[in-house]
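Nothing in this text is a laboratory measurement; each read-out follows from the coordinates by a stated rule. Given the structure is predicted, the values throughout are model-derived calculations rather than measurements. Because the Cβ atoms are built from the backbone with ideal geometry, glycine has one as well, and the counts that use them run over all protein chains shown.
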């Protein structure tokens, strides 16, 4: 397993001068029920600050006002409005489903709906409760090679069937090969499994052990994929930068609020711009 | 086509000592449906920070709380309340329609309503989906010389019939003359077409290629027109300052959040105050 | 007419060590209909930052969420809930009515209600549309000596019957004597008329000519009266400090956002603490 | 009575490297009716910034949007949804009830419900109107040794029957022994009564005498208990740090906004990290 280094941030290239919103991709985030609305807001805040050209959140209408109050840069769609959701999804480059999605019937319905809609050209990031839902049912991934799972260890246990204590590199890698999807296995040092070699993130700190850290990472991954070429390198960079910024914040703060990571993204991306 | 320079900011004159809210104009912004509420919020945030004396937003009632949470300085009117909207519009110096307006029946109804209400003394800025709606139909501008369109290149294609690849200065200028309205053609270097000579904005950067940058520019233009004399010079200054501030932010940030531009307006206007 | 000077801020005394919320008074603010909710939010933000011990806003329920999102330090009461409003008012030291109140039936009903409830021990600040409503009708002030009006020049014309051009010190003073209330006549240099000598505020700047500046002043006056002894000196200090801070902000900013004045209150009050 | 000193902050240990959200506890806050929603928001803001691993607020649904707009890191549960509340409570390490809870039937119903649900492994902090409700009725504490009351002097009078003038250390201690719960008696110098010796907080300042200071302290206590071992030392540290930070803010500010204390927690906890 190879350690990630600052080198992986070289994908953050100087933006081409003649560009517009479309150049940097359209990201659609799906999640946020009445109880967990904050999760999808944190993903959206990360995604915009990570540089996605356009960001739309498909969510419970109860979350629209708070989303706009925090981040008017984000567009919203009522997840009960099928026609609107169809049209929003049709133009997506990257779809993220899961943060604050919940695990009830509506959540399952939305996951199935996204599986039906995902096209060959769209990447799909599956996070949080969407992983648990997927693990429970026997649905097939419509496009495994274009799919990224971002489980924490317990979610990975549900998805892979491997108990936390048994989650070694070799076993994890074997399950990845069966799933064909990329796996971002979050723990105090996150691991990335894909068709390529396996990567280990040496950064991160215990101040990040607070609700919302994972939602924020999922938003950065989605924003990076929308904006840069689709590749494991881009996912590596998202994982590394998320922890890198958190370590900077942790230097002076006992707790790393996830929204602080998002707010610092434009500054740090500039520092690493090639 | 003449390059804009810092010179154009000389319209930002020292404010007269004996002044009140009315001195700096009343701006009314129309837009923001349930999905795109953030767009009109960003315009309003720009407009207030640009110095409009009083700013009112006519919008879907779902957006009122988020607007107030971000910017209590802005007044709101429910766009279903005709009597209220009539009275708000009657006192406007400048009307901006379009940010987040959408393209459905309600949107068209509002555009037609604004065309009916606009008086000889009121400037009208037409942005975003209002441009697309106008291009689709065969309505006439009630007061072309008092109208400013702010299309991006695709919207300009819809409005002018000129394909993006063919949008040369000469052809653009010819359409402007037919329309009689002022055109702010947004691209990585914005162009301004009017009765006067054509202007090119040499500033701007690819960090601005994110949702909300155009909504913010429209708000600054409206706020400047409300506050300073109506002229192409004032529009030039709004375009130039918007990019100037964005370039300052871009110096240290990979992405230029539109709301950061608005928040920096009072500071930079002071620096250029004559 | 005597010029106010920094001297008037000497009422900002070091707080007694053994104190609690009750020591610094209970302020109740009444205003904010569906359109003008932002006004009462700005008053509340000013009032809390000015040091009122407890601040409650009686307003349209549509404004509660945005109020809390900006300032959880403020309590809210639905202005349709009479029982709750009765109990909130009963414990008030200072009542402010007017910011964003509107001028319809409900507004008038609330003004009449406040007149009925005001006790001999409660100060009443009447601002904004409440002044216009009062001027229109023939109600009597329940406790004129405990009442402060904060009109701008046009509202003063409505209230006093004196045209703006004729608003000289002598004539203003004569009307004050008839009304028996204290008058804070807002203009580019605010004047204060009371039983005592007349005062002129030499501070202030044209960057303050934006919506919300008056709502903020009203909130500071209410917060100061709740916290310090009731006197013209306290009103003078509120007027002076409001402009003093605005002048500090204006030094670096072309526009003085009212909420920036409020946010700077704790700092500047400390600088002037005796 | 022993004076607390900086020494008590030594419970803020360096976090273990291999940790996750669960390591730092699950806190559930119950409060915030339609009028007093801000109180529970301030507790939640304190709790997250104090380092609770996961924070959920059981509150009136009217408060959800404002909570998320301020702090998406917090999860919400509608207090009318029994099934959801049951499941949220089942996983709690610490429960805080009281901030903004009110004193009506619904409030009493919720307090009784929490008493029924509290398990042997869960700590319970009782604050604000929940203290008043408890004092009024004759309910028994389900687990007195796991209960912490945080009354101000008037609430302590209601709870203990001791008039404020008679609240001496000896008498307070006697009542504590009867109650068996820990008492955090808030005044300008807070006192802590428990099975152990009594403690006096020498810090604090009159700038803290504003609405929300107590709600914030309750949130810090809950967050500390969730994260560190349950002990009087941990409560001491929460009380001391709350005042320590407030004193830092007061140095430059006449009024100490409670939310400013919360926002400064991560920084100051880092400074004292052992």
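Things worth noting here:
- Copy-to-copy label separations for residue B:274, where each label sits 7 Å from Cα toward Cβ, in nm and ascending: 4.7, 4.7, 6.6
- Contact order relative to length of segment A:49-204, as percent, for alpha carbon pairs under 8 angstrom and 6 or more apart: 14
- For segment C:25-127, convex hull volume per residue from C-alpha positions, Å³: 83
- Computed per residue of the protein assembly as shown from DSSP H runs no shorter than four, each worth -39500 (n - 2.57), the mean residue ellipticity at 222 nm is -13500 deg cm²/dmol.
- When only Cα pairs below 8 angstrom with a gap of at least 6 residues are kept, chain A shows a relative contact order of 25 percent.
- Gyration tensor verdict on the protein assembly as shown (Cα atoms; rounded if a/c is under 1.5, prolate if a/b is larger than b/c, oblate otherwise): oblate
- Every Cα-Cα pair of segment C:21-272 was included, and the share exceeding 22 Å stands at 49 percent.
- Considering only B:201, B:137, B:62, the Gaussian network model of chain B with Cα springs below 10 Å gives its largest mean-square fluctuation to B:137.
- Residue with peak Gaussian network fluctuation, chain C [Cα springs, cutoff 10 Å], from C:129, C:107, C:160: C:160
- Overall form of segment B:165-230 per C-alpha gyration tensor (a/c, 1.5; a/b vs b/c): oblate
- Among A:219, A:100, A:211, the largest mean-square fluctuation in a Gaussian network model of chain A (Cα springs under 10 Å) belongs to A:211.
- Residue exposure sequence - D:111, A:84 - by fewest surrounding Cβ within 10 Å: A:84, D:111
- Extending 7 Å from Cα along the Cβ direction at residue C:251 and again at residue C:143 yields two label points whose distance is 4.0 nm.
- For residue A:196, the point set 7 Å out from Cα toward Cβ sits 5.3, 5.3, 7.5 nm from its twins in the other copies, listed from shortest up.
- Overall form of segment B:142-259 per C-alpha gyration tensor (a/c, 1.5; a/b vs b/c): oblate
- Efficiency of FRET from Cβ geometry, residue B:154 and residue D:154, R₀ 45 Å, rounded to 0.05: 0.10
- The rotation axis that maps chain B onto chain D passes nearest to the beta carbon of this chain B residue, listed with its distance in whole angstrom: B:69, 3.
- The ranking of C:170, D:45, D:195 from fewest to most other beta carbons within 10 Å of each one's beta carbon is C:170, D:195, D:45.
- With a simple spin-label model that places each label point 7 Å from the Cα along the Cα-to-Cβ direction, the separation between residue C:174 and residue B:7 comes to 5.7 nm.
- Sorted shortest first, the separations between the residue C:180 label point and its copies elsewhere in the assembly read 6.2, 6.3, 8.8 nm; each point sits 7 Å from Cα along the Cα-to-Cβ line.
- Short-range pairs are left out: with C-alpha atoms under 8 Å and at least six residues apart, the relative contact order of segment A:154-274 is 19 percent.
- Taking a point 7 Å from the Cα of residue B:263 along the Cα-to-Cβ direction, the residues of segment C:239-264 with backbone N closer than 17 Å to it are C:253-264.
- Using the Cβ-Cβ distance between residue B:273 and residue C:83 with R0 set to 51 Å, the FRET efficiency works out to roughly 0.45.
- Computed from label points 7 Å out along Cα-Cβ, the spacing between residue D:119 and residue B:109 is 5.5 nm.
- In terms of other Cβ atoms within 10 Å, A:89, B:241, D:179 run from fewest to most in the order D:179, A:89, B:241.
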